[in-house]
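**Student:** Below: one structure in C-alpha coordinates.
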Amino acid sequence: MTSRLQDKWILITGASSGFGAAAAQAFAATGARLLLGARRVERLAEVAGAARRAGAASVHFHFLDVSKTSSVEAFAAWARTTIQAEAEPKHLHVLVNNAGGALGLDPVARGLDADWETMLQTNVLGVLRMTRALLPLLPQHAGASILNIGSYAGHTAYEGGSAYCAAKAGELQVTRVLRLELNGTGIRVSSIDPGLALTEFSLVRFKGDAARAEAVYAGTEPLTADDIAEIMVWVAGRPPHVNIDELLVKPTDQAATHKVYRRT
Ligand code: NDP
Ligand code: 8X3
(Lines give C-alpha, C1' and ligand atoms only; values in the text may rest on other atoms or scores of the structure.)
(Ligands and ions follow the chains in the order given, each with its own letter.)
Protein backbone atom coordinates (compact mmCIF):
# COMPACT_ATOMS: atom_id res chain seq x y z
CA MET A 1 0.00 0.00 0.00
CA THR A 2 1.37 3.46 -0.91
CA SER A 3 2.05 5.64 2.12
CA ARG A 4 0.04 8.88 2.45
CA LEU A 5 3.44 10.53 2.79
CA GLN A 6 4.96 9.19 -0.45
CA ASP A 7 6.57 12.08 -2.41
CA LYS A 8 5.25 14.63 0.11
CA TRP A 9 7.59 17.38 1.38
CA ILE A 10 8.51 17.05 5.07
CA LEU A 11 10.57 19.82 6.72
CA ILE A 12 12.41 18.87 9.94
CA THR A 13 14.24 21.34 12.19
CA GLY A 14 16.99 20.05 14.45
CA ALA A 15 17.65 17.18 12.06
CA SER A 16 21.35 16.85 12.91
CA SER A 17 20.84 14.53 15.91
CA GLY A 18 18.34 12.82 18.21
CA PHE A 19 14.65 12.89 17.32
CA GLY A 20 15.19 15.02 14.22
CA ALA A 21 17.82 12.72 12.70
CA ALA A 22 15.70 9.66 13.50
CA ALA A 23 12.63 11.37 12.01
CA ALA A 24 14.56 11.96 8.79
CA GLN A 25 15.12 8.20 8.50
CA ALA A 26 11.55 7.32 9.46
CA PHE A 27 9.98 9.76 6.96
CA ALA A 28 12.53 8.65 4.35
CA ALA A 29 11.26 5.09 4.67
CA THR A 30 7.78 6.28 3.60
CA GLY A 31 9.22 7.64 0.33
CA ALA A 32 8.76 11.27 1.37
CA ARG A 33 10.92 14.22 0.26
CA LEU A 34 12.93 15.89 2.98
CA LEU A 35 14.08 19.39 3.84
CA LEU A 36 16.45 19.27 6.81
CA GLY A 37 17.79 22.13 8.94
CA ALA A 38 20.18 22.61 11.88
CA ARG A 39 23.38 24.49 12.67
CA ARG A 40 25.80 21.53 12.29
CA VAL A 41 25.70 21.19 8.53
CA GLU A 42 28.30 18.42 8.42
CA ARG A 43 26.02 16.30 10.60
CA LEU A 44 23.08 17.14 8.33
CA ALA A 45 25.09 15.81 5.38
CA GLU A 46 25.48 12.45 7.14
CA VAL A 47 21.78 12.33 8.06
CA ALA A 48 20.85 13.20 4.47
CA GLY A 49 23.04 10.41 3.08
CA ALA A 50 21.41 7.86 5.38
CA ALA A 51 17.93 9.16 4.47
CA ARG A 52 18.63 8.70 0.75
CA ARG A 53 19.67 5.10 1.43
CA ALA A 54 16.52 4.61 3.54
CA GLY A 55 14.30 5.43 0.54
CA ALA A 56 13.59 9.17 0.58
CA ALA A 57 12.32 10.45 -2.78
CA SER A 58 14.52 13.52 -2.38
CA VAL A 59 16.69 15.00 0.41
CA HIS A 60 18.02 18.54 0.81
CA PHE A 61 19.63 20.26 3.78
CA HIS A 62 20.59 23.81 4.75
CA PHE A 63 22.03 25.70 7.72
CA LEU A 64 19.34 26.84 10.15
CA ASP A 65 19.48 28.68 13.47
CA VAL A 66 15.90 28.92 14.75
CA SER A 67 16.97 31.51 17.34
CA LYS A 68 17.61 34.08 14.59
CA THR A 69 14.86 35.55 12.43
CA SER A 70 17.29 36.25 9.57
CA SER A 71 18.40 32.61 9.50
CA VAL A 72 14.80 31.35 9.58
CA GLU A 73 13.83 33.66 6.72
CA ALA A 74 16.84 32.60 4.64
CA PHE A 75 15.97 28.96 5.31
CA ALA A 76 12.34 29.49 4.30
CA ALA A 77 13.42 31.17 1.05
CA TRP A 78 15.74 28.24 0.33
CA ALA A 79 12.91 25.77 1.09
CA ARG A 80 10.56 27.56 -1.32
CA THR A 81 13.15 27.54 -4.11
CA THR A 82 14.00 23.89 -3.50
CA ILE A 83 10.36 22.79 -3.60
CA GLN A 84 9.66 24.87 -6.72
CA ALA A 85 12.62 23.28 -8.53
CA GLU A 86 11.13 19.77 -8.28
CA ALA A 87 8.04 18.07 -9.70
CA GLU A 88 4.58 18.30 -8.07
CA PRO A 89 3.56 18.67 -5.27
CA LYS A 90 4.94 22.19 -5.00
CA HIS A 91 4.01 22.73 -1.39
CA LEU A 92 5.05 21.59 2.06
CA HIS A 93 3.05 18.77 3.64
CA VAL A 94 4.54 18.52 7.16
CA LEU A 95 6.48 21.04 9.24
CA VAL A 96 8.26 19.35 12.17
CA ASN A 97 9.30 21.98 14.74
CA ASN A 98 11.76 19.82 16.66
CA ALA A 99 14.85 22.01 17.19
CA GLY A 100 15.38 22.86 20.82
CA GLY A 101 16.62 21.57 24.13
CA ALA A 102 17.65 22.52 27.64
CA LEU A 103 20.69 24.31 29.04
CA GLY A 104 21.61 23.76 32.67
CA LEU A 105 19.65 22.41 35.62
CA ASP A 106 20.25 25.32 37.97
CA PRO A 107 17.72 26.55 40.52
CA VAL A 108 16.29 29.98 39.74
CA ALA A 109 18.55 31.48 42.43
CA ARG A 110 21.63 30.54 40.39
CA GLY A 111 20.19 30.59 36.86
CA LEU A 112 22.10 32.17 33.99
CA ASP A 113 20.52 34.72 31.68
CA ALA A 114 22.28 33.23 28.67
CA ASP A 115 20.82 29.76 29.34
CA TRP A 116 17.29 31.07 29.94
CA GLU A 117 17.41 33.23 26.83
CA THR A 118 18.63 30.37 24.64
CA MET A 119 15.92 28.00 25.90
CA LEU A 120 13.14 30.49 25.26
CA GLN A 121 14.63 31.55 21.93
CA THR A 122 14.84 28.03 20.54
CA ASN A 123 11.90 26.17 22.10
CA VAL A 124 9.29 28.93 21.90
CA LEU A 125 10.34 31.76 19.58
CA GLY A 126 11.93 29.26 17.20
CA VAL A 127 8.59 27.50 16.77
CA LEU A 128 6.81 30.82 16.22
CA ARG A 129 9.40 32.07 13.70
CA MET A 130 9.51 28.81 11.75
CA THR A 131 5.74 28.55 11.61
CA ARG A 132 5.30 32.15 10.46
CA ALA A 133 7.94 31.72 7.77
CA LEU A 134 6.74 28.34 6.48
CA LEU A 135 2.95 28.74 6.69
CA PRO A 136 2.81 30.24 3.18
CA LEU A 137 4.26 26.97 1.86
CA LEU A 138 1.67 24.78 3.61
CA PRO A 139 -1.44 24.14 1.48
CA GLN A 140 -4.70 25.57 2.81
CA HIS A 141 -6.47 22.24 2.58
CA ALA A 142 -6.78 18.95 4.38
CA GLY A 143 -3.81 16.75 5.10
CA ALA A 144 -1.03 19.17 5.97
CA SER A 145 0.44 19.04 9.47
CA ILE A 146 2.51 21.04 11.89
CA LEU A 147 4.17 18.74 14.44
CA ASN A 148 5.65 20.58 17.40
CA ILE A 149 7.95 18.67 19.72
CA GLY A 150 7.11 19.62 23.27
CA SER A 151 8.04 17.73 26.42
CA TYR A 152 6.75 16.12 29.57
CA ALA A 153 8.49 19.18 31.10
CA GLY A 154 5.75 21.35 29.59
CA HIS A 155 3.15 19.45 31.64
CA THR A 156 4.95 19.17 34.97
CA ALA A 157 7.43 21.26 36.96
CA TYR A 158 10.72 19.98 38.34
CA GLU A 159 13.48 21.66 40.35
CA GLY A 160 16.13 23.15 38.10
CA GLY A 161 13.76 23.07 35.14
CA SER A 162 12.36 26.61 35.42
CA ALA A 163 13.13 28.07 31.99
CA TYR A 164 12.91 24.73 30.18
CA CYS A 165 9.55 23.82 31.78
CA ALA A 166 8.33 27.35 30.99
CA ALA A 167 9.56 27.07 27.42
CA LYS A 168 7.88 23.72 26.78
CA ALA A 169 4.66 24.90 28.45
CA GLY A 170 4.95 27.87 26.09
CA GLU A 171 5.38 25.54 23.12
CA LEU A 172 2.20 23.70 24.15
CA GLN A 173 0.23 26.96 24.31
CA VAL A 174 1.59 28.07 20.94
CA THR A 175 0.39 24.73 19.53
CA ARG A 176 -3.08 25.29 21.00
CA VAL A 177 -3.25 28.86 19.66
CA LEU A 178 -2.22 27.69 16.18
CA ARG A 179 -4.92 25.00 16.20
CA LEU A 180 -7.50 27.75 16.85
CA GLU A 181 -6.05 30.16 14.31
CA LEU A 182 -5.79 27.51 11.58
CA ASN A 183 -9.20 25.96 12.20
CA GLY A 184 -10.98 25.63 8.86
CA THR A 185 -7.81 25.56 6.78
CA GLY A 186 -7.42 21.79 7.07
CA ILE A 187 -3.93 22.20 8.52
CA ARG A 188 -3.54 19.92 11.53
CA VAL A 189 -1.50 21.01 14.55
CA SER A 190 -0.06 18.57 17.08
CA SER A 191 2.23 18.57 20.08
CA ILE A 192 4.21 15.39 20.69
CA ASP A 193 5.51 15.56 24.25
CA PRO A 194 8.14 12.98 25.23
CA GLY A 195 9.52 12.14 28.65
CA LEU A 196 13.01 10.77 29.28
CA ALA A 197 14.63 9.91 25.95
CA LEU A 198 18.20 8.95 25.12
CA THR A 199 19.56 11.49 22.62
CA GLU A 200 22.19 14.24 22.91
CA PHE A 201 19.67 16.20 25.03
CA SER A 202 21.41 15.65 28.40
CA LEU A 203 24.90 16.09 26.95
CA VAL A 204 23.79 19.49 25.66
CA ARG A 205 21.96 20.33 28.91
CA PHE A 206 25.10 19.57 30.95
CA LYS A 207 27.34 21.39 28.46
CA GLY A 208 29.43 18.38 27.44
CA ASP A 209 29.68 16.68 30.86
CA ALA A 210 29.25 13.11 29.61
CA ALA A 211 29.30 11.47 33.05
CA ARG A 212 26.50 13.73 34.29
CA ALA A 213 24.53 13.10 31.13
CA GLU A 214 24.91 9.32 31.37
CA ALA A 215 23.75 9.36 35.00
CA VAL A 216 20.33 10.62 33.83
CA TYR A 217 19.70 7.27 32.12
CA ALA A 218 21.56 4.98 34.56
CA GLY A 219 19.70 1.75 35.28
CA THR A 220 16.53 2.79 33.49
CA GLU A 221 15.20 2.17 29.99
CA PRO A 222 14.51 5.53 28.34
CA LEU A 223 12.65 6.19 25.12
CA THR A 224 14.79 6.10 21.98
CA ALA A 225 14.87 8.65 19.17
CA ASP A 226 13.37 5.98 16.91
CA ASP A 227 10.38 5.60 19.27
CA ILE A 228 9.52 9.27 18.81
CA ALA A 229 10.29 9.29 15.08
CA GLU A 230 7.87 6.40 14.56
CA ILE A 231 5.18 8.39 16.40
CA MET A 232 5.82 11.48 14.24
CA VAL A 233 5.27 9.43 11.08
CA TRP A 234 2.13 7.87 12.56
CA VAL A 235 0.68 11.27 13.54
CA ALA A 236 1.44 12.84 10.14
CA GLY A 237 0.09 9.78 8.33
CA ARG A 238 -3.39 9.78 9.88
CA PRO A 239 -6.27 10.48 7.47
CA PRO A 240 -6.76 14.24 6.85
CA HIS A 241 -9.85 14.47 9.10
CA VAL A 242 -7.95 13.07 12.12
CA ASN A 243 -5.83 15.35 14.29
CA ILE A 244 -3.74 13.98 17.14
CA ASP A 245 -3.84 17.10 19.31
CA GLU A 246 -1.43 16.29 22.14
CA LEU A 247 0.49 13.13 22.82
CA LEU A 248 2.33 12.62 26.12
CA VAL A 249 4.80 9.75 25.69
CA LYS A 250 6.88 8.45 28.57
CA PRO A 251 9.07 5.40 29.07
CA THR A 252 7.35 2.67 31.04
CA ASP A 253 10.00 3.16 33.74
CA GLN A 254 9.03 6.84 34.17
CA ALA A 255 5.85 7.16 36.24
CA ALA A 256 6.63 10.81 37.02
CA THR A 257 9.59 13.17 36.77
CA HIS A 258 10.71 12.12 40.24
CA LYS A 259 9.58 8.50 39.97
CA VAL A 260 11.89 6.69 37.56
CA TYR A 261 12.46 2.99 38.10
CA ARG A 262 16.18 2.13 38.10
CA ARG A 263 17.59 -1.38 38.07
CA THR A 264 20.52 -1.76 40.46
P1 NDP B 1 19.42 16.55 20.59
O2 NDP B 1 20.32 17.43 21.37
O3 NDP B 1 19.93 15.22 20.16
O4 NDP B 1 18.89 17.33 19.30
C5 NDP B 1 18.56 18.69 19.34
C6 NDP B 1 18.49 19.19 17.91
O7 NDP B 1 18.07 20.56 17.94
C8 NDP B 1 19.83 19.13 17.22
O9 NDP B 1 19.64 18.68 15.90
C10 NDP B 1 20.29 20.59 17.22
O11 NDP B 1 21.06 20.86 16.05
C12 NDP B 1 18.95 21.30 17.14
N13 NDP B 1 19.04 22.68 17.58
C14 NDP B 1 19.30 23.14 18.82
N15 NDP B 1 19.33 24.47 18.82
C16 NDP B 1 19.09 24.87 17.55
C17 NDP B 1 19.00 26.12 16.90
N18 NDP B 1 19.18 27.27 17.56
N19 NDP B 1 18.73 26.15 15.58
C20 NDP B 1 18.55 25.00 14.89
N21 NDP B 1 18.63 23.79 15.43
C22 NDP B 1 18.91 23.73 16.77
O23 NDP B 1 18.12 16.37 21.49
P24 NDP B 1 16.67 15.76 21.18
O25 NDP B 1 16.64 15.07 19.89
O26 NDP B 1 16.28 15.03 22.39
O27 NDP B 1 15.82 17.10 21.12
C28 NDP B 1 14.88 17.37 20.10
C29 NDP B 1 13.69 18.06 20.74
O30 NDP B 1 13.06 17.17 21.64
C31 NDP B 1 14.03 19.31 21.54
O32 NDP B 1 13.04 20.28 21.29
C33 NDP B 1 13.96 18.82 22.98
O34 NDP B 1 13.68 19.86 23.87
C35 NDP B 1 12.83 17.83 22.88
N36 NDP B 1 12.72 16.82 23.91
C37 NDP B 1 13.76 15.98 24.24
C38 NDP B 1 13.58 15.00 25.20
C39 NDP B 1 14.66 14.07 25.63
O40 NDP B 1 14.62 13.57 26.77
N41 NDP B 1 15.64 13.78 24.81
C42 NDP B 1 12.28 14.81 25.84
C43 NDP B 1 11.28 15.75 25.43
C44 NDP B 1 11.49 16.68 24.49
P45 NDP B 1 22.37 21.77 15.97
O46 NDP B 1 23.03 21.76 17.31
O47 NDP B 1 23.18 21.11 14.88
O48 NDP B 1 21.83 23.11 15.57
C1 8X3 C 1 13.12 16.40 28.21
C2 8X3 C 1 12.37 15.61 29.23
O3 8X3 C 1 11.78 15.45 31.68
O4 8X3 C 1 14.14 15.67 31.09
O5 8X3 C 1 12.28 17.30 27.60
O6 8X3 C 1 12.67 17.56 30.93
S7 8X3 C 1 12.77 16.13 30.80
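The values are calculated or read from the model by the stated rules, or taken from the named source; none is laboratory data. Everything quoted here is computed from the prediction, not taken from an experiment. Counting neighbours? That spans all protein chains shown, and the Cβs are built from the backbone with ideal geometry, glycine included. Each accessible area value is taken on the protein alone, full model and side chains, heavy atoms only, with ligands, DNA and RNA left out. Shrake-Rupley method; radii C 1.70, N 1.55, O 1.52, S 1.80 Å.
**Student:** Can you tell me which residue is farthest from Gly143 (Cα to Cα) among those in the stretch 191-237 that are open to solvent by 60 Å² or more (accessible area, probe 1.4 Å) and of a type in the set (Lys, Arg)?
**Tutor:** Arg212
**Student:** Within the stretch 251-264, take every residue that is part of a loop (DSSP other than H, G, I, E, B) and open to solvent by 70 Å² or more (accessible area, probe 1.4 Å) and give me the one that is nearest to ligand 2 (Cβ to nearest atom).
**Tutor:** His258
**Student:** Looking only at the stretch 131-171, which residues are touching a helix residue (DSSP H, G or I) at 6+ places or on another chain (Cβ under 9 Å), in a loop (DSSP other than H, G, I, E, B), surrounded by fewer than 21 Cβ atoms within 10 Å (Cβ to Cβ) and polar (S, T, N, Q)?
**Tutor:** Result: Thr156, single match.
**Student:** Take the stretch 118-151 and flag every residue that is within 13 Å of ligand 1 (Cβ to nearest atom) and either farther than 30 Å from Ile10 by Cβ or touching a strand residue (DSSP E or B) at 6+ places or on another chain (Cβ under 6 Å) (or both).
**Tutor:** Val127, Met130, Leu147, Asn148, Ile149, Gly150, Ser151
**Student:** Tell me whether the stretch 176-184 contains one or more residues that are among the basic types (Lys, Arg), under 19 Å from Val249 (Cα atoms) and more than 12 Å from ligand 1 (Cβ to nearest atom).
**Tutor:** Step one: filter the stretch 176-184 for residues among the basic types (Lys, Arg), giving 176, 179.
From what's left, under 19 Å from Val249 (Cα atoms): 176.
From what's left, more than 12 Å from ligand 1 (Cβ to nearest atom): 176.
Yes; the residues of the stretch 176-184 include at least one that is among the basic types (Lys, Arg), under 19 Å from Val249 (Cα atoms) and more than 12 Å from ligand 1 (Cβ to nearest atom).
**Student:** Okay, moving on. Looking at (1) open to solvent by 20 Å² or more (accessible area, probe 1.4 Å); (2) over 24 Å from Arg188 (Cα atoms); (3) touching a strand residue (DSSP E or B) at 6+ places or on another chain (Cβ under 9 Å), which is the only condition Ala51 fails?
**Tutor:** Here Ala51 clears every test but (1).
**Student:** Here's another thing I want to ask about it. Residues of the stretch 174-208 being more than 15 Å from ligand 2 (Cβ to nearest atom) and touching a Leu at 6+ places or on another chain (Cβ under 8 Å), which ones?
**Tutor:** Val174, Ile187, Val189, Ser190, Lys207
**Student:** Within the stretch 96-130, how many residues are open to solvent by 60 Å² or more (accessible area, probe 1.4 Å) and acidic (Asp, Glu)?
**Tutor:** The total comes to 2.
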